[in-house]
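Quick notes on the structure that follows.
Here, each number is a calculation from the coordinates, and none is a lab measurement. This structure is a prediction, so every number in the text was calculated from the model and none was measured. FYI the Cβ positions are ideal-geometry reconstructions off the backbone, even for glycines, and counts take in every protein chain you see.
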Amino acid sequence: MRRVWEGKLEELRDLDDQIRRLVRALRRTGQLDNTVIMLVSDNGYMLGEHRLFMKEQPYEESAGVPFIVRGPGFVSGAPGALVSQVDLMPTTLDLAGLDPDDGRALDGRSLLPGLRSGDWSGWRRRLLVENPHLGWALLRERSLAFIHQYERGGRELYDLAADPYQMRSLDRTVDTGEHLEALTALREAAGTRLRRLED
């Protein structure tokens, strides 16, 4: 596990070096202020957290991934908005001057309004993350993280504001029925219906 951790640090160092080279080339050629850079990962990596190793788990160390965007006219900051890889396509279409909803029903939504204004108040309130191969789904809403292990029947509920490392599940002291209902509805929806359920 230590060797894997050291390897991850080396990979991140290489990533930093490559981003630095890219930004320097854009600045040198006068294109930095005309370029949108998006950095996102497909997953995090568990290195012993929750006594788990590797990826594809419903906990923040694995499911909560960096999503960094830099571009001309974008407001800087870390809003903590619930964004996802499904937002990449509508954002890219919007950047190209195309209507993301024209002729398609995308699950994601364009990040541009929030990136340009810094106002995320109209953004999604709920986000579904799912791994059907391992039989779990995660619902993020405000500071809550509800995990349903639907293949095994388990439920976990965490308040990330009070318990950021997800050490004490509230599922035995709090009724999780409402969370399960919202998660199930999201799992069964797609496109504009999914987006309505996220609001």
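Please state, as a whole number in µm²/s, the translational diffusion coefficient that the Stokes-Einstein equation yields for the range 1-46 at 25 °C and 0.890 mPa s, with Rh defined as the Kirkwood radius across alpha carbon pairs. Could you put the intermediate results ahead of the total?
Values: Rh = 12.5 Å.
My calculation gives 196 µm²/s for D.
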remark   = Rg/Rh over Cα atoms for the range 125-199, Kirkwood Rh, comes to 0.96
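For MET167, what is the net charge nearby, where nearby means another residue's Cβ is under 15 Å from its Cβ and Lys, Arg count +1, Asp, Glu -1? Intermediate results must be reported in sequence, preceding the final value.
Working: positive: ARG51, ARG168, ARG172; negative: GLU49, GLU60, GLU61, GLU156, ASP159, ASP163, ASP171.
Residues near MET167 contribute -4 overall.
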Formal net charge of residues neighbouring VAL69 (Cβ-Cβ distance under 13 Å; K, R +1; D, E -1) = 0
message = How big is the chain along each principal axis, measuring the range of its Cα positions in Å and listing the largest first?
response = 58, 47, 30
request  = Return the distance in nm (one decimal) between the two label points of a simple spin-label model at HIS133 and ALA185, each offset 7 Å from Cα along Cα→Cβ.
outcome  = 3.1 nm
query = Per-residue HN-Hα couplings for the range 183-199, Karplus 6.51 cos²θ - 1.76 cosθ + 1.60 at θ = phi - 60°, whole Hz, x for Gly and Pro?
reply = 5, 4, 4, 5, 4, 8, 9, 8, x, 5, 5, 4, 5, 5, 5, 6, 6
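Rounded to whole Å and ordered largest first, report the semi-axes of the equivalent ellipsoid of the range 1-113 derived from its Cα gyration tensor (root of 5λ). Let's see the in-between values first.
Values: eigenvalues 169, 96, 23 Å².
So the equivalent ellipsoid measures 29, 22, 11 Å along its semi-axes.
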query = Stretched out fully, how many nm does the piece from ARG193 to ARG20 gain, at 0.36 nm a residue minus the Cα gap?
reply = 58.2 nm
Gain on full stretching of the segment that runs from GLU141 to ASP42 - 0.36 nm per residue minus C-alpha separation = 33.6 nm
query = For the chain, what relative contact order do you get, as a whole percent, if you take Cα pairs closer than 8 Å and at least 6 residues apart?
reply = 14 percent
query = Given labels modelled 7 Å from the Cα in the Cβ direction, how far is it in nm from GLU178 to HIS50?
reply = 2.3 nm
